[in-house]
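Asks: This is the structure I want to talk about, given as C-alpha cells.
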Amino acid sequence: FYRITGKGKPVVLIHGFGEDGNIWDKQVDFLQNQFQLIVPDLPGSGKSGVISSQSAVGMEEYAEIIKAILVEEKIEKSTMLGHSLGGYITLAFAEKYPDMLSSFGLVHSTAFADSEEKKAARLKSIEFIKKYGAYDFLRTTIPGLFSKQWSQDHLPEIETLVEKGKNFSSEALIQYYQAMINRPDRTAVLKNFSKPILFIIGEQDNAVPFAQSMQQCYLPVQSHIHILRNSAHMGMLEETAATNNFLLGFLQ
C-alpha cells in the first residue's frame with residue numbers, strides 16, 4: 001500500500017521500524033502544496049502485507065519494492081527521504097539506482113553497519129518478540145525513542161503510537177530486525193553519490209548516536225546537515241516545525 005498526494009517534484013517518504021507511512025503526516029500536510037509525495041507502508045507495516053519468504057529479506061528487497069512503486073507511477077527521478085530503517089532502504093536504493101535519484105536524505109539514520117554490540121542487542125529483541133509478541137515489544141521500546149522532556153509533555157501522542165503496535169505481527173518486526181543485522185556498511189554510497197545528501201540528526205538520539213551520525217556527514221560531495229538539539233530519534237514529531245523547514249529548504 002502507498003498513497004500519493006500533492007503535485008510537483010516527486011518526493012518519496014519512507015518510514016522506520018514499528019511505524020507506518022502516517023508517521024510523516026505532519027510533513028505531508030506541510031509539503032503537499034509544493035511537491036508530489038509518495039508515502040508507502042513498508043511490507044508488514046500499516047496496510048501492506050508482510051513478505052512471505054523462506055529466505056532472508058534484506059534492504060535490497062525493500063528497495064526493489066520502492067522501485068516498483070516508482071515504475072508503476074512512471075516516476076523516473078525523485079528525492080528519497082528515509083527515517084531510521086527507511087534510511088537503510090534509501091541507501092540500498094541509492095546504491096543500485098543512483099540515476100533515479102536527484103538527491104536523498106537520512107532522517108535519524110546511518111550508513112554504517114551494525115556493530116557487534118548492536119547486533120547482539122537486536123538478537124535479544126528478536127527473542128523478546130518471539131516470547132512476548134510485537135505489541136508488548138513496541139510498548140516497551142517506543143517511549144525510549146523520544147527525548148525525556150518530549151515524552152513527559154506528550155504522553156497521549158506516545159500512547160497513540162504504542163497502540164498502533166497492535167497492528168504489527170511478530171513476523172514483520174523480526175524480518176526488519178534480521179534485515180538490519182545483515183545490512184552491509186554503505187558509507188561508500190555516501191562517498192560515490194554526486195548529488196546532494198541531507199542529514200537530519202537528533203542530538204539526544206540513542207538509537208543512532210549523535211557521534212556516529214556526525215562521523216558520516218563529511219563523506220558526501222555535498223552534505224546538508226541539520227541538528228535537532230531537543231530531539232532524540234523522532235524529530236518529525238519532536239521538533240516538527242524545524243524538521244519541516246529543513247526538508248523544505250533541502251527540497252527547494
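Asks: Excluding residue 37 itself, calculate the net charge of residues whose Cβ lies under 13 Å from the Cβ of residue 37, where each Lys or Arg counts +1 and each Asp or Glu counts -1.
Replies: Computed value for this residue: +1.
Asks: Whole percent per 10 Å bin, from 0 to the bin with the longest distance: what is P(r) over all C-alpha pairs of the range 1-147?
Replies: All Cα pairs, binned at 10 Å, distribute as 10, 39, 36, 14, 1 percent.
Asks: While we're on this one: In the range 103-138, which residues have a backbone nitrogen under 16 Å from the label point lying 7 Å from residue 222's Cα in the Cα-to-Cβ direction?
Replies: 103-106
Asks: Could you work out the local net charge near residue 180, counting Lys and Arg as +1, Asp and Glu as -1, over the other residues with Cβ closer than 11 Å to its Cβ?
Replies: Net local charge, residue 180 excluded: +3.
Asks: How large is ³J(HN,Hα), in whole Hz, for each residue of the range 40-54 in order, when computed from phi with the Karplus curve 6.51 cos²θ - 1.76 cosθ + 1.60 and θ = phi - 60°, using x for Gly and Pro?
Replies: Per-residue couplings from phi come out as x, 8, 4, x, x, 10, x, 9, 9, x, 6, 6, 8, 8, 6 Hz.
Asks: Still on this structure, I have one more. Compactness ratio of the range 113-159: Cα Rg over 2.2 N^0.38 Å, N = residue count?
Replies: The range 113-159 yields a ratio of 1.38.
Asks: Taking N as the number of residues in the range 1-55, what is its alpha-carbon radius of gyration divided by 2.2 N^0.38 Å?
Replies: That works out to 1.23 for the range 1-55.
Asks: Continuing with the same structure: Take each of the peptides 153-165, 74-86, 177-189, average the number of other beta-carbon atoms within 10 Å over its residues, and list them starting from the highest.
Replies: Working: 153-165: 14.5, 74-86: 21.2, 177-189: 17.5.
Highest-to-lowest ranking by the protection proxy: 74-86, 177-189, 153-165.
Asks: Gap in Å between the Cα centre of the range 130-182 and the Cα centre of the range 7-64?
Replies: The two parts, judged by their Cα centres, are 17 Å apart.
Asks: Restricting everything to alpha-carbon atoms, can you work out Rg to Rh for the range 118-252 with a Kirkwood hydrodynamic radius?
Replies: Radius of gyration relative to Kirkwood radius: 1.00.
Asks: Tell me the mean residue ellipticity at 222 nm calculated for the chain from its helices only (DSSP H runs of n ≥ 4, each -39500 (n - 2.57), averaged over every residue, nearest 500).
Replies: Calculated at 222 nm, the ellipticity per residue is -13500 deg cm²/dmol.
Asks: Follow-up. Report Rg(Cα)/(2.2 N^0.38 Å) for the chain, keeping two decimals. Show your work: numbers first, answer last.
Replies: Working: Rg = 16.8 Å, N = 252, 2.2 N^0.38 = 18.0 Å.
Compactness ratio reported: 0.93.
Asks: A follow-up question, please. Run the simple label-point estimate for residue 210 and residue 245 please: 7 Å along Cα→C-beta, distance reported in nm.
Replies: 2.0
Asks: While we're looking at this one, here's another question. What FRET efficiency would be calculated for the residue pair residue 4, residue 252, taking the C-beta separation as r and a Förster radius of 25 Å, to the nearest 0.05? Don't skip to the end; give the middle numbers.
Replies: Working: r = 20 Å, r/R0 = 0.81.
My answer for the efficiency is 0.80.
No lab work stands behind these numbers, since they all come straight from the coordinates. What you see is a predicted model; the values in this text were computed from it and never measured. Cβ sites come from the backbone with ideal geometry, for glycine too, and all protein chains shown count toward neighbours.
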